[in-house]
Amino acid sequence: MAGSPRSLYRRILLLHRALPPALRELGDRYVKEEFRKHKAAGPAEAQRFLREWENYAALIQQQINEDKQNLREKTVYGIQLTEEKLNDFRDEQIGQLKELMDEATKPIKKITISEDSEHKK
């Protein structure tokens, strides 16, 4: 594992700068929340937590590089989780995934301003 938890945290936030704005906002919020929650984690849990975030950072870095080089037809960030991986998650983590999915897939709200013809002179 390269560096400290703080340097990993910073590296992830820097990587997120290359993401589309809505995805960056969602990712930054999630990373900040997760790192805050795991400040007091035990050694084994902290090691697993940091290893997973290292894997995430490496994957996002690779996907950003591929996107910059136009190596991918469509820009998609992240990966599909396997059933095996999902089975390893605690109920709390499944709930967080659902919240993330809901947040990431909710429609973008567009505000339309129309002029009311009755108020025109």
Here's a check for you: in the range 27-49, which residue that is outside any helix (DSSP H, G or I) and aliphatic (A, V, I, L, M) is surrounded by the most Cβ atoms within 10 Å (Cβ to Cβ)?
A41
In the range 3-26, the residues that are of a type in the set (A, V, I, L, M) and open to solvent by 60 Å² or more (accessible area, probe 1.4 Å):
L14, A22, L23
Give the range 44-66 a look and list any residue that's within 19 Å of the chain's Cα centre (by Cα) and more than 15 Å from S4 (Cα to Cα), or say none.
Y56, A58, L59, I60, Q61, Q62, Q63, I64, N65, E66
How many residues, within the range 2-43, are more than 11 Å from the chain's Cα centre (by Cα), of a type in the set (A, V, I, L, M, F, W, C) and over 22 Å from L81 (Cβ atoms)?
4
Could you tell me whether any residue of the range 12-23 is over 23 Å from T105 (Cα atoms) and either among the aliphatic types (A, V, I, L, M) or out of contact with any Pro (no Cβ under 6 Å at 6 or more places or on another chain) (or both)?
yes
Answer residue from the range 67-79, given it is over 13 Å from the mean Cα position of the chain (by Cα) and open to solvent by 70 Å² or more (accessible area, probe 1.4 Å) and is farthest from L15 (Cα to Cα) among those:
E73
Test set (1) in contact (Cβ under 8 Å) with a residue 24 or more places away in the chain; (2) of a type in the set (D, E); (3) open to solvent by 60 Å² or more (accessible area, probe 1.4 Å) - E54 fails condition number:
(3)
Of everything in the range 87-121 that's part of a loop (DSSP other than H, G, I, E, B) and either touching a Ser or Thr at 6+ places or on another chain (Cβ under 6 Å) or at pLDDT 75 or above (or both), which residue is farthest from V31 (Cα to Cα)?
D88
Given (1) at negative phi; (2) open to solvent by 70 Å² or more (accessible area, probe 1.4 Å), index of the condition I64 fails:
(2)
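Name every residue in the range 50-72 that is in a helix (DSSP H, G or I) and hydrophobic (A, V, I, L, M, F, W, C), in order of residue number. Before the answer, list the steps.
Within the range 50-72, the subset in a helix (DSSP H, G or I) is 50-68.
If the condition is that a residue be in a helix (DSSP H, G or I) and hydrophobic (A, V, I, L, M, F, W, C), then L50, W53, A57, A58, L59, I60, I64 are the ones that fit.
The values are calculated or read from the model by the stated rules, or taken from the named source; none is laboratory data. All values reported here derive from a predicted model rather than from experimental measurement. Every residue, glycine among them, receives a Cβ derived from its backbone with ideal geometry; neighbour counts consider all protein chains shown. Ligands, DNA and RNA are stripped out before the accessible areas are found, and what is left, the full protein with its side chains, is counted by its heavy atoms. Shrake-Rupley method; radii C 1.70, N 1.55, O 1.52, S 1.80 Å.
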